[in-house]
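Here is the structure we will look at, set down as structure tokens.
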Amino acid sequence: MLILGIETSCDDSSAAILDSERGILSNIISGQDNIHKPYGGVVPELASREHITNLPLVVDGALSAVKCAMGDIGAVAATYGPGLIGSLLVGLSYGKAIAFARKIPFVGVNHLEGHLLSPFIEEGGVHYPHLGLIVSGGHTSLYSVKGQGNYELIASTRDDAAGEAFDKVAKHLGLGFPGGKTVDERAKLGLPGAIHFPRGMARREGFDFSFSGLKSAVVRYIEENGIPDSETAMNNLLASFQEAVVDSLVDKIEKVVERFSTPMLTMSGGVAANSRLRAKLSSLAENKGFTLKISPMKYCTDNAAMIAFAGY
Ligand SMILES: Nc1ncnc2c1ncn2[C@@H]1O[C@H](COP(=O)(O)OP(=O)(O)OP(=O)(O)O)[C@@H](O)[C@H]1O
Ligand SMILES: [Mg+2]
């Protein structure tokens with residue numbers, strides 16, 4: 001059976017075709033970074049209007065990439081939430097209309113379930129049980145995944161999401177929006193120990209995360225010292241900030257795997273693309289002897305392949 005996946009929860013319009021036998025056949029994404037860049041964040045009304053224009057094009061693109069037509073589709077899966085309500089409505093209504101007109105099943109998919117299962121897309125099936133970390137623009141959450149649809153929240157952020165911290169710091173430094181990828185690339189050229197920033201919740205009990213104290217510390221540093229005027233100083237600042245984000249995530253995960261003695265941990269969401277986080281979590285997995293499954297890069301940020309997969 002072919003399943004059409006649709007994702008419009010934020011500012012990416014995406015459509016994917018999943019074959020129940022062969023896996024993902026196509027996954028087309030149309031981003032809106034240029035539309036929102038001048039505002040330093042996503043403008044919901046602009047996002048939903050862009051989806052209206054772009055979604056039909058990405059759906060056609062996903063179908064024609066695999067030389068099939070709407071008549072070949074056996075089911076539709078679309079994100080129903082969480083996300084920007086206007087953006088969600090576009091993809092949800094579009095998907096429901098196709099399913100209704102063609103008399104095929106429609107499945108509403110939770111966006112976070114899409115992220116959570118994305119590390120398994122290329123395997124075809126999901127391994128249970130495991131612990132699943134979602135680190136995205138809106139969420140930093142750790143789930144105990146016991147079976148299909150059986151998810152228990154173990155920890156989440158008390159304030160900002162990890163991706164939000166990357167974006168806010170980048171914005172303060174005039175590095176554009178969204179900032180995660182730029183920070184990652186420039187941090188590779190800097191010294192992670194150059195400036196010491198706080199590791200959120202490090203001394204607190206429990207497994208929750210926190211990133212707003214770190215963000216404020218970076219903003220205070222910029223207020224006191226100004227925006228770095230050399231490439232080297234900027235790269236050192238970014239590397240030091242990124243190290244604090246990565247350390248606070250990895251240190252909490254270490255406590256969690258000790259407590260739950262898990263055989264497998266997964267990581268998904270946009271920040272899972274971060275090279276330093278991928279490297280440090282991989283070393284932790286090696287030291288502690290658990291299997292680490294990270295979403296393939298192309299399935300870290302928002303995409304319809306993960307929605308089609310979770311829907312299936
Ligand atoms: N290499 C990277 N390093 C760090 N952060 C990154 C990297 N690449 C992308 N990001 C961050 O990932 C976030 C986007 O991820 P994603 O699309 O999964 O989030 P979202 O859909 O906005 O949020 P949610 O899924 O919680 O609703 C942005 O905050 C972006 O800065
Ligand atoms: Mg997302």
Mind listing the phi-derived Karplus ³J(HN,Hα) values for region 166-183, rounded to whole Hz, using 6.51, -1.76 and 1.60 with θ = phi - 60°, and x for any glycine or proline? 4, 5, 5, 5, 4, 5, 4, 8, x, 9, x, 9, x, x, x, 5, 5, 4
Normalised alpha carbon radius of gyration of region 130-297 [divisor 2.2 N^0.38 Å]: 1.02
Of the listed pairs K37/K188; K37/K215; K255/K298; K171/K293, those with alpha carbons more than 26 Å apart are K255/K298; K171/K293
HN-Hα couplings for region 93-110 via Karplus (6.51, -1.76, 1.60; θ = phi - 60°), in whole Hz with x for Gly/Pro, come out as 5, 4, x, 5, 5, 4, 4, 5, 5, 9, 6, 10, x, 10, 10, x, 10, 6
Per residue, what accessible area does region 2-104 have, given a 1.4 Å probe and all protein chains present, in Å²? 46 Å²
Where both partners of a DSSP beta bridge lie in the chain, what percent of those bridges are antiparallel, to the nearest 5? 55 percent
Leaving out ligands, DNA and RNA, and with a 1.4 Å probe, what % of the accessible surface on the chain is carbon or sulfur? 51 percent
If you average the C-alpha positions of region 158-189 and of region 4-59 separately, how far apart do those two centres end up, in angstrom? 22 Å
Where does each of 250-259, 173-182 land if you order them by average Cβ count within 10 Å, highest first? 173-182, 250-259
Equivalent-ellipsoid semi-axes (√(5λ), Cα gyration tensor) for the chain, whole Å, largest first? 34, 24, 15
Just need the relative contact order of the chain here, percent rounded to a whole number, with Cα pairs under 8 Å and 6+ apart. 23 percent
Cα-Cα separations in region 1-112 greater than 19 Å, expressed as whole percent: 41 percent
Work out from phi, with θ = phi - 60° and the Karplus expression 6.51 cos²θ - 1.76 cosθ + 1.60, the ³J(HN,Hα) of each residue of region 144-158, listed in order in whole Hz, and give x for Gly and Pro. 8, 9, 9, x, 4, x, 10, 10, 10, 6, 9, 7, 8, 7, 7
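The values are calculated or read from the model by the stated rules, or taken from the named source; none is laboratory data. Computed from a prediction, not measured in an experiment: that's the story for all the values here. Note that we place each Cβ from the backbone using ideal geometry, even for glycine, and neighbour counts take in every protein chain shown. Just the protein is used for accessible areas: all its heavy atoms, side chains included, with ligands, DNA and RNA removed. Shrake-Rupley method; radii C 1.70, N 1.55, O 1.52, S 1.80 Å.
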